[in-house]
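Worksheet for the structure shown next.
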């Protein structure tokens, strides 16, 4: 035992007795000293717990550390003993890409202050792997981000994770909302009011308000074919009082059958879904996976062999014309995602086997070769617009940036089944099927 | 106790022979002299006594005694020896005085008897040579064996010892309190600075 430790134990023993005034023993606080803190760090995240408790988390800025010489304190609950484990991360620019990471621990339960030092590892800022914090990262993660400090991730078992610019927090949705077993969320989208909308393999949508409260919004079946197979919802869009979902019937015996479009009834706080062939002017019913809207009344829905658009309540079945010129030969396309725009020339779609669809001024046409004239080949699964003319496409082992006539490949630091993407002005977030979250900056 | 008594008796007998011899020598040296010389020597002895030159005083009184064998000269010699701390010689001269002056004034008789008791008590006190034995035995109680009364010298010694003990106790207590206060303040200051949380420390509550 070192002299310092011996002194500490002596002091603790003295403080534990009644011979010396407790005021002289100081508060029972674990004082954590940070070593090797990156000079670039602007924010510190700490996750701490006693023994097997769930992690508590909190943040502080580097300015808050300066007054105490790179130290901060954690006050254990009175009378609680055990090992207080502390994990520390440093970040910059509100991005969930750790610059530093360190751990330390101390036995609490005595009296007086305790000291612990967290020696921080230097982590490379890029590539950004955001999954270092000790929270639950969902498998089959889908994400949506409006800014570097507002990233939402959802997936299996109704796990929802939020990055607020300094901390990852698991958003716990009550069982009364999720039901049991908990659904897998397959679609996530935020609106400008701060609500987060989640849909998946359950007959309801979950809306998390800006204040964190979660509401269960039932999905009622409207005009649909007779079947007891459950519906699977993989796309959602919401803005203002309008919200849309798309899905398909998940038949265990036959697979995915039929396409469904649901609209939100704010007066009844519920969705009503209609099978696409029951919609006026639409004769087909094929599985739908993707949805995007240019406005609450201008939406696009894409799926296996089906493209639908709706403007001001008028549905229209769209077609990919394989000749691209005369627009007379229609072909099917297995599409998974769409970028909507009020200008049809800017509407883009992607799908299986590296297919991307665009409007060529005459009709929708498709291609599978990238800007380097290489066949993409991989399934493209998600699309997000940095601007109307700067899109990010992701898929199985595939990352592309689509700014001109053909997508340009982005060479990732690792391969993955990227299954959702959210582009921001300075970069984009992607989620892998395994639940890993990445961020990549983009040049203008 | 027996060893002490035997030892003491042996000392007394030796001293008795020694001082008897001294007295015989003094008496044998007595020669006729003038009265003026006696007065001068006696006054000189008194002056030296008052100046606490006890050895000079003994010499002067002894010289005066050679001129005139007045008992009060013996008494003065006894007094000087007592002042010098020579209890045995003082006792011998007191006793010689009482034999030479069987009817002294009452006040003088009382004083002499008291002095005799004191010098006897002093002689009964352990000598330095017997220090080792003395330390093994109970401290003398200071009671007169004849009367059972506490002897004045013992009372004074006890009072002085009590005073010393009291001062010592006060000193110890004061020192202890001061030391405790210093240690307490030191420990308190040490604890305070050791346990003082850094200024501006941000603390999170679990």
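Values in this text are rule-based calculations from the coordinates and carry no lab data. Bear in mind that the values here come from a model prediction, so they are computed numbers and not experimental data. Ideal geometry is used to build each Cβ from the backbone, glycine not excepted, and the neighbour counts take in all protein chains shown.
Classify the range A:70-195 as rounded, prolate or oblate from the Cα gyration tensor: take a ≥ b ≥ c as the square roots of its eigenvalues, call it rounded if a/c is under 1.5, otherwise prolate when a/b beats b/c and oblate if not. It would help to have the intermediate numbers written out before the result.
Numbers: a/c = 2.48, a/b = 1.48, b/c = 1.67.
Verdict is oblate for the range A:70-195.
Just to confirm the number: angle between the C-alpha axis of helix A:3-16 and the first principal axis of chain A, 0 to 90 degrees, nearest 10?
On a 0 to 90 degree scale, this one is about 80.
Please say if the range A:225-368 is rounded, prolate or oblate, where rounded means a/c under 1.5 for a ≥ b ≥ c the square roots of the C-alpha gyration tensor eigenvalues, and otherwise the choice is prolate for a/b larger than b/c and oblate otherwise? It would help to have the intermediate numbers written out before the result.
Numbers: a/c = 1.93, a/b = 1.30, b/c = 1.49.
Oblate, because a/c is 1.5 or more while a/b does not exceed b/c.
Between the range A:301-328 and the range A:350-427, how far is it from one alpha carbon centroid to the other, in angstrom?
With the range A:301-328 and the range A:350-427 each reduced to a Cα centre, they are spaced 19 Å.
If one computes P(r) from the Cα atoms of the range A:128-441, what percent of pairs lie at distances over 28 Å?
Details: 17145 of 49141 pairs.
Result: 35 percent of Cα pairs exceed 28 Å.
Hey, what did chain A get for relative contact order, percent, Cα under 8 Å, at least 6 apart? It would help to have the intermediate numbers written out before the result.
On the way: 1200 pairs, mean separation 41.2, N = 444.
Answer for chain A is 9 percent.
Extending each Cα 7 Å along its Cβ direction at residue A:52 and residue A:176, get the distance between those two points in nm, one decimal.
2.9
Provide, as a two-decimal number, the C-alpha radius of gyration of the range A:159-302 over 2.2 N^0.38 Å, N being how many residues it has. Display every interim value, and only then the final one.
Numbers: Rg = 15.1 Å, N = 144, 2.2 N^0.38 = 14.5 Å.
Here the answer is 1.04, to two decimals.
Grab the DSSP H runs of chain A that are 4 residues or longer, score each as -39,500 (n - 2.57), total them, divide by all residues and round the 222 nm result to the nearest 500 deg cm²/dmol. Before the final figure, lay out the partial values.
Numbers: 3 runs with 23 residues, N = 444.
Value at 222 nm, helices only, nearest 500: -1500 deg cm²/dmol.
What shape does the range A:298-342 have by the C-alpha gyration tensor, where a ≥ b ≥ c are the square roots of the eigenvalues, rounded means a/c under 1.5, and otherwise prolate means a/b greater than b/c and oblate the rest? Could the numbers behind the result be given before it?
Values: a/c = 2.06, a/b = 1.49, b/c = 1.38.
Prolate shape, in that a/c is at least 1.5 and a/b is the bigger ratio.
Quick one: what does P(r) look like for the range A:331-444 with 10 Å bins over all Cα pairs, in whole %?
15, 51, 30, 4, 0
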